[in-house]
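The structure appears right after this line, and notes come after that.
No value in this document is a laboratory result; all are computed from the given coordinates. What you see is a predicted model; the values in this text were computed from it and never measured. Virtual Cβ from ideal backbone geometry, glycine too; neighbours counted across all protein chains shown.
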């Protein structure tokens, strides 16, 4: 009987995204954190994806951000083109249709985006140290847009720090093992994504996706998605499984830097977005949690054993992120050609 239950439990984990209430992580009682941290650790090891509730960001706040996203993308093309990402030295602003190709074997993704991060004055020393990742944002002229984006960015960063602290504890590290690299000048990015219907008459290859199969580049990603669905995750058994929207929840997934840090114990899992039904629009808001550009990412000692030797050389987070941008964005490829 016990063996049967264990088999069923394993099958459940491999075919669904666990939903975890992280509200105990806000409690001063550290003993109440343990069960939640254990659940997070298990999800990170087994599938690299989870949905979190009890994160402290209200449904009303998330709905207000989706409304803001819809209004931003509904602007005339000429307004969005004023802040096109290709005009930014530090990868900020509006990304046009076809600018991003997440899966190099498939056609470019059919979506438009907006990226913002910490808004840093051009004369700040860190900008001269790494101008490709730091500098001012491009917001455009939509009233209230800049303020609302920055407020939501701060809320998400608070959730991200709680998750990173929990992961550090799970990996038997000091509480601030990860968060110390997010105190100042991190390069975490809040993105709006709009997946519009394909243009009428456009011939779409059968295997084309709204967003091609890919892994995320940074430490973790916090994702808010609308109720349209379409997100799919590749599980350990090589099956694409659905990660359906959970009202009020944020999807969390492991990125490449965290996989390197943990020597593959935490999984940076491939995911994609299926093409939508005709006439459907989809909106999502990923928050890519990425540390300061000079953060040394080297294997955590507790993730190394005789059976599991270190697999990765040291890399700085900035070098890693820039290498991935070069491989993904058409405008950067043109610049380097």
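Under 14 Å from a label point 7 Å along Cα→Cβ of residue 239: give me every residue in the range 26-53 with its amide N that close.
none
Just to confirm my numbers, what's the Cα centroid distance between the range 232-250 and the range 24-59 in Å?
About 17 Å separates the Cα centre of the range 232-250 from the one of the range 24-59.
So for 219, 130, fewest C-beta neighbours within 10 Å to most, what's the order?
So the residues, fewest neighbours to most, are 130, 219.
Of the listed values (i) 124; (ii) 160; (iii) 147, grab the one calculated as volume of the Cα convex hull per residue in Å³ from the structure here.
From the options (i) 124; (ii) 160; (iii) 147, the structure gives (ii).
Fully extended, how many nm does the chain gain between residue 45 and residue 280 (0.36 nm per residue separation, minus their Cα-Cα distance)?
81.2 nm
For labels at residue 264 and residue 294 in the simple 7 Å Cα→Cβ model, what's the distance in nm?
3.2 nm
Of 197, 35, 24, which has the largest mean-square fluctuation in a 10 Å C-alpha GNM of the chain?
Answer for the Gaussian network model of the chain: 35.
Could you pull the Rg and Dmax for the range 191-266, using just the Cα atoms, both in Å?
When restricted to the Cα atoms of the range 191-266, Rg and Dmax are 14.8, 46 Å.
Before rounding to the nearest 500, sum -39500 (n - 2.57) across all DSSP H runs of length at least 4 in the chain and divide by the residue total; then give [θ] at 222 nm in deg cm²/dmol.
When only DSSP H runs of four or more count, the value is -9500 deg cm²/dmol.
Report, to one decimal in Å, the Kirkwood hydrodynamic radius for the range 206-337 based on all distinct Cα pairs.
16.5 Å
Would you kindly state how much longer the chain becomes between residue 89 and residue 312 on full extension, computed as 0.36 nm times their sequence separation minus their alpha carbon distance, in nm to one decimal?
Gain on extension, residue 89 to residue 312, equals 77.3 nm.
Could you tell me how many degrees, from 0 to 90 and to the nearest 10, lie between the Cα long axis of helix 317-328 and the main elongation axis, the longest principal axis, of the Cα atoms of the chain?
Relative to the chain, helix 317-328 is tipped by roughly 50 degrees.
Can you tell me the orientation of helix 145-170 relative to the chain, as the angle in degrees between its alpha-carbon axis and the longest Cα principal axis, to the nearest 10?
20 degrees
How would you order 142-148, 297-303 from highest to lowest mean count of nearby Cβ atoms within 10 Å?
Packing order, densest peptide first, comes out as 297-303, 142-148.
On full extension of the chain, what length is gained from residue 124 through residue 74, given 0.36 nm per residue of separation minus the C-alpha to C-alpha distance?
14.6 nm
If you fit an axis through the alpha-carbon atoms of helix 2-15 and take the longest principal axis of the Cα set of the chain, what angle between them do you get, 0 to 90°, nearest 10?
With both axes taken from Cα atoms, the answer is about 10 degrees.
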